[in-house]
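K.L.:
Just dropping this structure here.
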Amino acid sequence: MILAPSDRHRAVGLAGRLRSPPLQAAHAAWLAARTAWHLPTPEQIEAALPEPDDFSLAAVIRGPGETGFQLVRVGAALVRRAGRPLLGEFVGAVAPAAGEDPIGGAAWAYGRCLATGTPSHEFGHFDVGEGAPLLFERLLLPLGRGALTTHILAGSVFAGVA
């Protein structure tokens, strides 16, 4: 994969929008390991993660006419937020309970990261009325072999209400 100048600028510009130190560190490691022809491998990035509990890893499962994302490692922060073990689940395969989406529209975001081969970032600030607002930040990083995305690393940070 060759990143066009506009894609390279967008990837570097993302560093200035990231708010959470663990996500900033993961993005910096991704930028350092990526080349014009090769995505970082899961092993390269996982060795550089500052807070493993903030990160999950999904394998890209390609089938006839479909692509899915199966969680092969789940960070403790996401498990706590979801309230259930997520290991082995497919992102977006199980509809969340009413009013609950522990991985916040993740299937669409994972698909965008896969389609573009570039990082995907979402940030949300939700005022729930009483108490502290919920702050949510997610960074998705494509990982793979050569230019083929085989995994997506997801860093999710939740702050505020439990």
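K.L.:
How much length, in nm to one decimal, is gained on full extension between W108 and E43, taken as 0.36 nm per residue of separation minus their Cα-Cα distance?
P.N.:
That works out to 20.9 nm of additional length.
K.L.:
Fewest first, what order do W108, W30 take by the number of other Cβ atoms within 10 Å?
P.N.:
Starting with the residue having the fewest Cβ neighbours, the order is W108, W30.
K.L.:
Can you list residues whose amide H is under 5 Å from E89's amide H, if they're 5+ apart or on another chain and H is modeled 1.01 Å from N?
P.N.:
Placed amide hydrogens put L71 under 5 Å from E89.
K.L.:
If you don't mind, there's one more thing I want to ask. Ordered by residue, what ³J(HN,Hα) values in Hz, to whole numbers, does the range 34-41 give under the Karplus form 6.51 cos²θ - 1.76 cosθ + 1.60, where θ = phi - 60° and Gly and Pro are x?
P.N.:
Along the range 34-41, the couplings run 7, 10, 5, 10, 9, 6, x, 7 Hz.
K.L.:
Now a separate question. Tabulate in residue order the Karplus-calculated ³J(HN,Hα) for the range 137-154, using 6.51 cos²θ - 1.76 cosθ + 1.60 with θ = phi - 60°, rounded to whole Hz; enter x for Gly and Pro.
P.N.:
With coefficients 6.51, -1.76 and 1.60, one gets 9, 9, 10, 10, 10, x, 10, x, 10, x, 9, 8, 6, 10, 9, 10, 8, 10 Hz.
K.L.:
Where does each of H125, H38 land when they are ranked from fewest to most other beta-carbon atoms within 10 angstrom?
P.N.:
With the sparsest Cβ surroundings first, the list reads H125, H38.
K.L.:
Right, something else. Please work out the ratio of the alpha-carbon Rg of the range 5-159 to 2.2 N^0.38 Å and round it to two decimals.
P.N.:
It is 1.01.
K.L.:
So for the range 5-159, averaging the separation of alpha carbon pairs under 8 Å that are six or more residues apart and normalising by length, what relative contact order in percent results?
P.N.:
Once divided by the residue count of the range 5-159, the mean separation gives 25 percent.
Taken together, the values in this text are just the output of simple stated rules run on the coordinates, not laboratory data. Here the structure is a predicted model, which means the values were calculated and not measured. Reconstructed Cβ throughout: ideal geometry from the backbone, glycine too, with neighbour counts over all protein chains shown.
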